[in-house]
Amino acid sequence: MRLREILAIVFYAGLFLSLFAAVAGAEGPFKLKPGAGGKLCLSCHGAFSGKLQAKHVHTPLAKGECSGCHNPHASNHGMLLSGDANAICYNCHDSVVPPEAKSVHQVVGEGKCVACHDPHSSDNPANLLRGGSALCFECHKELGEKIAANKFGHSPVKKNCLGCHTPHASAQTTGLLTKQDPALCLDCHKTDGATFKKKHMNYPVEQARCSTCHDPHGSNSGAILADHVHAPIKNQMCAQCHNEPDSAQPFAVKKSSFELCQGCHYEMVNTAFGKNRLHWPLVDKTGCINCHTPHASSEPGLLKDTMSAVCGQCHADTLARQERSQTKHQPIHDGECTVCHSPHASDTVFLQKEASSIASCAQCHDWQTHSSHPIGAEVVDPRNRNLTLDCLSCHRTHGTEYVKFLYYADVQTLCVQCHTKYRR
Amino acid sequence: MRQSSLHKILVCLLGVLVAAPVWAAKIKHQGTLYADGANLALNLPEGVACNEKSLVVADTANSRLVRYALTAQSLTPEAVFPLPEVVPLTLQTTAAGDIYLLNGKTREIVKVGRSGEVQGKVEPKGLPAPSAFVPRSFKLDKEGNIYLLDILSERVLVLDSSASYVRHLPFPQGYGFFSDLALSPQGGIYLLDSVAGALYLAAPGAQSFALLNSNLKEYVNFATSLASDGRGDLYLVDQYGSGLAMVGGDGGFKGRKFGMGWEDGQFFYPGQLCINDQGILAVADRNNNRVQVFNILED
């Protein structure tokens, strides 16, 4: 074949493909007239023309491609969306959550992009519903209030949450941080000054995690130390627990597990060890810091987290039971496990503070002052001759599937377990 | 009914049968122990141990042990061993009838002779560093070797019958909290992680533990006691869920039995379980103040 003929074939093939692409593009999936697009939609949805005047317009809308997200004919989803509202954004924005992300913003994980973004347009960058931290504090209300009320603030926090956090997900860090601490903190804070070194007792804290002592959101303690500070930290006596700052391993502790804490908290440890039943994590390798943080905490008692989160580390089943329960038991609901339980040790099962469940419940429920079903050491449980009736005979304190923590769906079914002659 | 609908239903039923775990053995309730020979009631019995001739109960809140003679699969109260100042939690017995118990108050293993005399605590000899240990649980093998679940130094210590150090295996990385261990008939060591709902195995001769199953939380709430039945299967006591679960030697879940309650065959926050070579399975039904005894029947 001659070169001229080959070139002609290539030319016509190219021309055909270009024309085909142009026609296909003009028609789109709904075979709209060329140039119709969003204009057609706006002929009815006139109010949207205002949306187009906003500073930031979502790209498909700006291009007049309403059908990028909506199906103009029919849909199984609200707002005639062409896909699930919690998934449709990912059709284009599929790289928002990196694979195997270390932390993901809950709303992002749930696909609730519209919690923060206006899908059409906004005067805020990235089509955000509100600018600055105000948007974050709509969900993180408690944190917002704490930041506003703190005696000692952290200036970047007052400016914008995004100074330290990434809003969607992070491949490398926990807590949606833009960098893990201390690297994040060291972007602003210089550690080579004499004052800094002196304040930190010459320990190489630039290698440690700042947030184990400081509350990055601010606090009511100087140097934004968390609100509850362990006495040795407050008194700058780090070497009470750690090796000397110029040693080979300055952060290594002098003893392990409870033995380290026992040096000061001997009374508490000795009392616990004198009880019949010990909370086993107290004497495992991690010891006290299974539940407590050794430096500073925003929780009382230097707890690592809220009490329900700390107890829930191991007893997630118990908390889940309460979540499922039709009736909430106030102390559990409020995360006050220690109203009933002694967290270190006890002479009774379940590490209860009181010897009997009747005494335990009576702390809040003054049944003694009212008429009550017979309970107590003299009342034998008809179901089991080795048991006497107490509160747990009818109620499961962490909750059941039924109301009032009853073991059965209705009172009659419960009663006839013992009062068998009334069984139907 | 149209043939295609019938076909669909049969396929679904088959799918359910294939997907559902199969309980490999039947368990028949044999009896319930409520008291000693003098009719003094058990009080929060936490532990139970059994061999071919007897069953011993840790009558925890009464600070005593109660032994029952096991004859032709019937149980008769035989002896009571008061142990003031001791809080017996879990137990093991030897073929000769000696009893080892974990004292909850001192967190020590105490040896009690067949006649009930306290022979002293188990003090390991020749332990490599660290020398400190806290036993959360322990098991004996047929040779009398002691396997200590040392939660303080994160290891399983293997001691011979005279408490001399033989070897140790470090806990695996990333565990939640180990509550119990069990021995396979071949000499493997199983670890029960109550918090993560996981089971680990160190095969005979192995130097480390390997994860067998990390999904037990689907079937149990908070399992605290583990025993091997001598045929290769494992039984777990689900304390918070008041039930019993069975797992194959490979870690595969086989089924779940019983539930919370006060009748025979129901548990109320049970403690330890034991299984003997004759297929007797006993559970310290702690908060029901009793011990329930079952027979594991062949398939």
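The values are calculated or read from the model by the stated rules, or taken from the named source; none is laboratory data. Here the structure is a predicted model, which is why all the values come from computation and not from measurement. Here Cβ is always computed from backbone atoms with ideal geometry, including for glycine, and neighbour counts include all displayed protein chains.
Number of residues in the stretch A:401-416 that are touching a residue at least 24 places away in the same chain (Cβ under 8 Å) and either surrounded by 14 or more Cβ atoms within 10 Å (Cβ to Cβ) or not in a helix (DSSP H, G or I) (or both) equals 4.
One residue stands out in the stretch B:242-299 among those that are touching a residue at least 24 places away in the same chain (Cβ under 8 Å) and aromatic (Phe, Trp, Tyr): the one that is farthest from B:ARG67 (Cα to Cα), namely B:PHE253.
Restricting the stretch B:103-121 to residues that are assigned to a strand (DSSP E or B) and under 19 Å from the mean Cα position of the chain (by Cα), the residue that is farthest from the other protein chains (Cβ to nearest Cβ) is B:LYS111. If I filter the stretch B:257-283 down to residues being of a type in the set (D, E, K, R) and away from every other protein chain (no Cβ under 14 Å), which single residue comes out as surrounded by the fewest Cβ atoms within 10 Å (Cβ to Cβ)? Checking each candidate, the answer is B:ASP277.
All of (1) modelled with pLDDT of 80 or more; (2) surrounded by 12 or more Cβ atoms within 10 Å (Cβ to Cβ) hold for A:GLY37 with one exception: (1).
Being surrounded by 21 or more Cβ atoms within 10 Å (Cβ to Cβ) and either without any contact (Cβ under 8 Å) to a residue 24 or more places away in the chain or in a loop (DSSP other than H, G, I, E, B) (or both) is the filter here, so list the residues in the stretch B:84-102 that pass it. Once the filter is applied, which keeps residues that are surrounded by 21 or more Cβ atoms within 10 Å (Cβ to Cβ) and either without any contact (Cβ under 8 Å) to a residue 24 or more places away in the chain or in a loop (DSSP other than H, G, I, E, B) (or both), the stretch B:84-102 yields B:VAL86, B:VAL87. Residues in the stretch A:343-373 that are of a type outside the set (D, E, K, R), assigned to a loop (DSSP other than H, G, I, E, B) and in contact (Cβ under 8 Å) with a residue 40 or more places away in the chain were compared, and the one that is farthest from A:ASN270 (Cα to Cα) is A:THR348. Annotation: of all residues in the stretch B:167-206 being aliphatic (A, V, I, L, M) and in contact with a helix residue (DSSP H, G or I) (Cβ under 9 Å, 6 or more places away or on another chain), the one that is nearest to B:GLY248 (Cα to Cα) is B:LEU199. Among the basic types (Lys, Arg) and either free of Cβ contacts under 8 Å to residues at least 40 places away in the same chain or buried (at least 18 other Cβ atoms within 10 Å of the Cβ) (or both): does that describe A:ARG324? Criteria not met by A:ARG324.
Please determine whether any residue of the stretch A:292-307 is within 14 Å of chain B (Cβ to nearest Cβ) and at pLDDT 95 or above. No, the stretch A:292-307 has no match at all. Of the residues making up the stretch A:184-198, those that are surrounded by 13 or more Cβ atoms within 10 Å (Cβ to Cβ) and farther than 22 Å from A:LEU143 by Cβ number 4.
Considered as a group, the residues in the stretch A:212-265 that are among the hydroxyl-bearing types (Ser, Thr, Tyr) and surrounded by 19 or more Cβ atoms within 10 Å (Cβ to Cβ) include one that is nearest to A:LEU278 (Cα to Cα), and that residue is A:SER257.
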